[in-house]
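**Student:** For reference, the structure I am asking about is given below.
The values are calculated or read from the model by the stated rules, or taken from the named source; none is laboratory data. What you are looking at is a predicted structure, and each value in this text was computed from that prediction instead of being measured. Note that we place each Cβ from the backbone using ideal geometry, even for glycine, and neighbour counts take in every protein chain shown. The area values use the complete protein model at the heavy-atom level, side chains included, leaving out ligands, DNA and RNA. Shrake-Rupley method; radii C 1.70, N 1.55, O 1.52, S 1.80 Å.
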Amino acid sequence: TTVDIDSPLEETADIYAKPNKKYFGIAKKKNVIIIHLESFQQVLINMRVNNQEVTPFLNSLYSDKNTISFPNFFHEVGQGKTSDAETMLESGLFGLPTGSFFTKLGPTNTFQGAPAILQQKEGYTSAVFHGNVGSFYSRNKVYKNMGYNYFFDQGYFDQTENSNIGFGLKDKLMFQESVKYLEKLQQPFYVKYITLTNHYPFDLSDEDNDGFIKPETQNNIVNNYFVTAHYLDASLQEFFKYLKKSGLYDKSMIVLYGDHYGISDDKNTALATLLNKDPSTWNKFDNAQLQRVPFMINMKGLSGHVDNEYGGEIDVLPTILYLLGVNTKGYIQLGTDLLSKDHNRNVVFRDNNLINKNYTIFKNSNGSFDVYDNKDGKLIDLNNYPDLEKNITQIYDKKQKLLNTSDTINNKNLLRFYTPIGFKPTNPQDYDYDQEDN
Ligand code: GP9
Ligand code: MN
């Protein structure tokens, strides 16, 4: 069989947004610190429970004078959750419709990954910090294919009897333990912290709770979610304190994003009571609104504001690269810079449903569309708006093609046949951090 690389390439060639001069390169040669907020939903920002702020530090960061915040930013993962959020961030391609990209394809596929691009174009050193074992999601293999210089997994951190919970090291300890490595990294660096404590089933021991009183909905998972989110928030506050004290803050751009929901749709009616919404009228429109996750860019000197642009995880890589002054022309990346005037404003979920500024759009199994007006959450009778239906069909089909193209590129490992001009293919053998390869 022949592998048709040309057609996916042609289909993606027009996905390119002209950089916004105001932002292009404003973070050039700065360190980049990505903070992956595990299971963290935007709804937590500025939320109060029992008269306490759930996430006081992130709230302050959200409206900080040096932060650009995107309240209309959505996760776009399927079953691959964390792994597929990482995939979008590092590769600019979507994760998979079923299963985890990291587990299924990450160890064998060719990437033009963010760490490799930044190393080659701007001389960045790269590293990941994560409190779980390195073989989880095959990260120890996938990161080599992405060009990560270092991977500090659980084995690199001091551990005591009580230092782990759930999948691994508690977030506060992960940040603390990372410092001894971070300080030795060659600058500029591109590092990613993948937090872990705010993960289902959201367990936290009492000694790690600083007195936060959890809500009392009928669902205990929902109640506990607020406790671990509060803990994650406090761990970030400590880390920022360190960054400022050490002086690293002044030389860095910090990017925070939530990877996916923490509360699954079937528990959202319990959440509804805390949002002063009526659980009895809760529907798929409401579920879709809760797929918002944080996306914030914080940097000294950045003129901060809340940017209401609609976007999703697929847009993170081009956004970051543009801020660093790296043009992505010639790279197969399927999102667009959120700060560009050409940004594509239709956000596609991994199940192909859509959301944009005006509408939340679902395709039914019989082929018809359910379209909700974002203004009032009401279902629109498309019989009265034939042009709208036509327009939505076009957008849906275009995004379906985009997801299919991404799947083709990934499933057939097509990037092994395509190297952008000026990019040197990544050799996983150049990297050695297989402390426990199993
Ligand atoms: C595991 C962690 C969780 O190391 O990243 O992954 P998830 O269950 O959220 O996909
Ligand atoms: Mn996750």
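**Student:** Accessible surface of residue 160 in the full protein assembly, 1.4 angstrom probe, to the nearest 10 Å²?
**Tutor:** Result for residue 160: roughly 100 Å² accessible.
**Student:** Working from the pairwise distances between different alpha carbons, so that the mean of 1/r is found and then inverted, what is the chain's Kirkwood radius in Å?
**Tutor:** One decimal place: 22.3 Å for the Kirkwood radius.
**Student:** Under a 5 Å amide H to amide H cut-off, with H placed in plane at 1.01 Å, what residues pair with residue 49 once short-range neighbours are removed?
**Tutor:** 54
**Student:** Turning to a different aspect of this structure: Radius of gyration and Dmax for region 222-271's Cα atoms, expressed in Å?
**Tutor:** Looking at region 222-271, its Cα Rg and Dmax stand at 15.1, 45 Å.
**Student:** How about region 344-411: which trypsin sites (Lys or Arg not before Pro) there lie in a loop by DSSP and see at most 11 other Cβ atoms within 10 Å?
**Tutor:** 375
**Student:** Report, by chain and number, residues whose modeled amide H sits under 5 Å from the one on residue 74, excluding near sequence neighbours (fewer than 5 apart, same chain).
**Tutor:** 293, 311, 312, 313
**Student:** Right, next: So what does residue 135 come to for accessible area, using a 1.4 Å probe and Å² rounded to 10?
**Tutor:** Accessible area, nearest 10 Å²: 30 Å².
**Student:** As a check on your grasp of the helix formula, calculate [θ] at 222 nm for the chain: sum -39500 (n - 2.57) over DSSP H runs of n ≥ 4, divide by the residue count, round to the nearest 500.
**Tutor:** That comes out to -9000 deg cm²/dmol.
**Student:** Same structure again: Report the extension gain between residue 213 and residue 51 in nm, rounded to one decimal, defined as 0.36 nm multiplied by the number of residues separating them, less their alpha carbon distance.
**Tutor:** Length gained between residue 213 and residue 51: 57.4 nm.
**Student:** If you don't mind, another one. For region 390-433, state the average projected area of the convex hull of the C-alpha atoms over all orientations, rounded to one decimal in nm².
**Tutor:** Orientation-averaged projected area of the Cα hull: 5.2 nm².
**Student:** Next question. Apply 1/(1 + (r/R0)^6) to the Cβ-Cβ distance of residue 9 and residue 108, taking R0 = 35 Å, and write down the FRET efficiency to the nearest 0.05.
**Tutor:** With R0 = 35 Å, the Cβ-Cβ based efficiency is 0.95.
**Student:** Also, quick follow-up: Using the Kirkwood radius over Cα pairs, work out the Stokes-Einstein diffusion coefficient for region 270-343 at 37 °C and 0.692 mPa s, in µm²/s as a whole number.
**Tutor:** In µm²/s, the coefficient rounds to 218.
**Student:** Which of 267/363; 121/398; 29/424 have a Cα-Cα distance over 27 Å?
**Tutor:** Too far apart for the 27 Å limit: 121/398.
**Student:** Moving on. Along the Cα→Cβ direction, 7 angstrom out, place labels at residue 375 and residue 65. What is the inter-label distance in nm?
**Tutor:** 3.7 nm
**Student:** Heads up, I need the accessible area for residue 332: 1.4 angstrom probe, whole protein in place, Å², nearest 10.
**Tutor:** Using a 1.4 Å probe on the heavy atoms, I get roughly 10 Å².
**Student:** Sticking with this one: Could you tell me the relative contact order of the chain? Use alpha-carbon pairs under 8 Å, at least six residues apart, and round to a whole percent.
**Tutor:** Relative contact order of the chain: 29 percent.
**Student:** Which value, in nm² and rounded to one decimal, describes the direction-averaged projected area of the C-alpha convex hull of region 306-438?
**Tutor:** 12.8 nm²
**Student:** Please state the relative contact order of region 47-197 as a whole percent: Cα pairs under 8 Å, 6+ residues apart?
**Tutor:** Relative contact order of region 47-197: 20 percent.
**Student:** Could you give P(r) for region 185-332, binned at 5 Å from zero, as whole percent values over all Cα-Cα pairs?
**Tutor:** 2, 7, 14, 16, 17, 16, 13, 9, 5, 2, 0, 0
**Student:** Here is a further query. Please compute the net charge surrounding residue 36, taking Lys and Arg as +1 and Asp and Glu as -1 over other residues with Cβ under 10 Å from its Cβ.
**Tutor:** Net local charge, residue 36 excluded: -2.
**Student:** So, one more: Work out how much length residue 327 to residue 162 would gain on full extension: take 0.36 nm times their residue separation and subtract the Cα-Cα distance, in nm to one decimal.
**Tutor:** Extra length available between residue 327 and residue 162 comes to 54.8 nm.
**Student:** OK, next. Roughly how far apart, in whole Å, are the Cα centres of region 181-200 and region 110-137?
**Tutor:** Region 181-200 and region 110-137 have Cα centres spaced 11 Å from each other.
**Student:** So, one more: Okay, which of region 353-368 sit inside 15 Å, backbone N to the point 7 Å along the Cα-Cβ direction of residue 397?
**Tutor:** So the set is 367-368.
**Student:** What do you get for Rg/Rh over region 111-245 if you use C-alpha atoms and the Kirkwood form of Rh?
**Tutor:** My calculation puts Rg/Rh at 1.02.
**Student:** Moving to a separate point now. Please give the net charge around residue 166, taking every other residue with its beta carbon less than 13 angstrom from that of residue 166, where Lys and Arg add +1 and Asp and Glu add -1.
**Tutor:** Local charge sum for residue 166: -3.
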